[in-house]
Amino acid sequence: MGKTSVVNRLAGFSRSTFFALLVMIMAAATLHIGAMPAQAGHASLTWIAPTTNTNGTALTDLAGYKLHIGDSPRSYDQHIDVGKATSYSASNLTDGSTYYFAISAYDTSGAESAYSNEVSKTLLGGLPLSHLITATSGGGGTITALSNTKVNVATSGSTTLTSVTVTDGAAQSFSIAAAAGYMIAGVTVDGASIGAVSSYTFSNVKANHSITASFKLKTTSTASYSITATAYANGSISPAGSSSVASGTSKTFAITPAAGYQVSSVKVDGVTVGAVTSYTFSNVTANHTIA
């Protein structure tokens with residue numbers, strides 16, 4: 001271009017033709033609000049660059065564009081030189097507000113055109129801030145996020161990885177269940193053990209978290225032991241005779257004297273334990289006698 005304005009000359013453009021071109025550019029522009037949380041307060045604009053002059057010759061002295069942004073029609077307080085780019089993401093905008101956009105072109109001498117036609121957009125609020133809770137369970141059981149539909153589940157071998165998106169400040173509960181033949185071995189939250197619990201709730205979530213559950217096979221012992229109970233004359237013991245007791249369990253016996261008598265002594269495994277009227281064998285791991 002020469003030293004005259006872009007409006008009057010763009011290598012052969014007339015004022016009306018150049019304005020018409022900018023109108024078409026902005027009419028073809030698309031504006032949208034970013035869908036991801038990080039895009040809240042952004043507006044993305046695109047436009048189509050002219051490639052020829054009105055006489056059909058190549059357009060060679062268009063140097064770039066300026067994007068103009070304001071909060072009322074035809075009143076712009078932000079002026080951004082975008083160079084020869086034909087798209088731009090305007091940031092630091094306020095969700096819920098309406099913004100007005102226009103572009104102007106400038107040539108290699110710095111001469112700038114008038115504003116194009118104007119487009120406007122009301123920015124919708126971005127997605128609320130959220131955090132991720134990762135729940136991991138090994139083989140032998142499950143860990144389940146309760147009352148949340150924003151859940152992704154992936155498996156690798158016997159390990160299940162559940163990713164749960166939780167809104168900032170909300171609570172999220174999990175239930176832990178062992179499969180048949182298994183029991184909960186332990187649960188950790190953010191790497192710290194909280195025991196073999198069957199449920200856990202994250203309250204007022206303000207950061208990412210993790211919860212992991214491990215399981216183990218139930219150990220069923222078939223070992224059992226015999227306790228032989230004998231009562232002498234003038235009294236009884238219940239249960240009498242030989243009782244089978246599973247390993248690790250307990251067994252209680254009641255000693256009752258006959259009418260007019262009292263317990264004189266009780267022996268367990270041959271050792272006197274006193275004139276008791278009941279006796280409990282705890283955590284049985286061997287055969288015993290009581291008399």
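For A196 and L129, what is the calculated FRET efficiency with R₀ set at 35 Å and r taken between the beta-carbons, to the nearest 0.05? Once rounded, the FRET efficiency stands at 0.55.
A protection proxy built from the mean count of other Cβ atoms within 10 Å ranks the segments 169-180, 131-142, most packed first, as 131-142, 169-180. Sorting 111-122, 235-246 by average packing, meaning the other beta carbons within 10 Å per residue, from highest down gives 111-122, 235-246. Distance between the 7 Å Cα→Cβ label points at S242 and T108: 11.3 nm.
Cβ neighbours within 10 Å, averaged per peptide: list 270-276, 160-166, 76-82, 223-229 in order, most packed at the top.
160-166, 223-229, 76-82, 270-276
Here the simple spin-label model places points 7 Å from the Cα toward Cβ, and for Q262 and S91 these points are separated by 9.2 nm. Cross-link reach is defined here as a Cα-Cα straight distance under 16 Å, omitting same-chain residues fewer than 8 places apart; for K206 the aspartates and glutamates meeting it are D168, D190. Each residue, T136 and I80, gets one label point 7 Å from its Cα in the Cβ direction; the gap between the two is 4.1 nm.
The numbers here are math on the coordinates, done by the rules we state, and not lab data. Quick caveat, the model's predicted, so the values are computed rather than measured. Don't worry about glycine lacking a Cβ; one is built from the backbone with ideal geometry, like all the others, and counts go over all protein chains shown.
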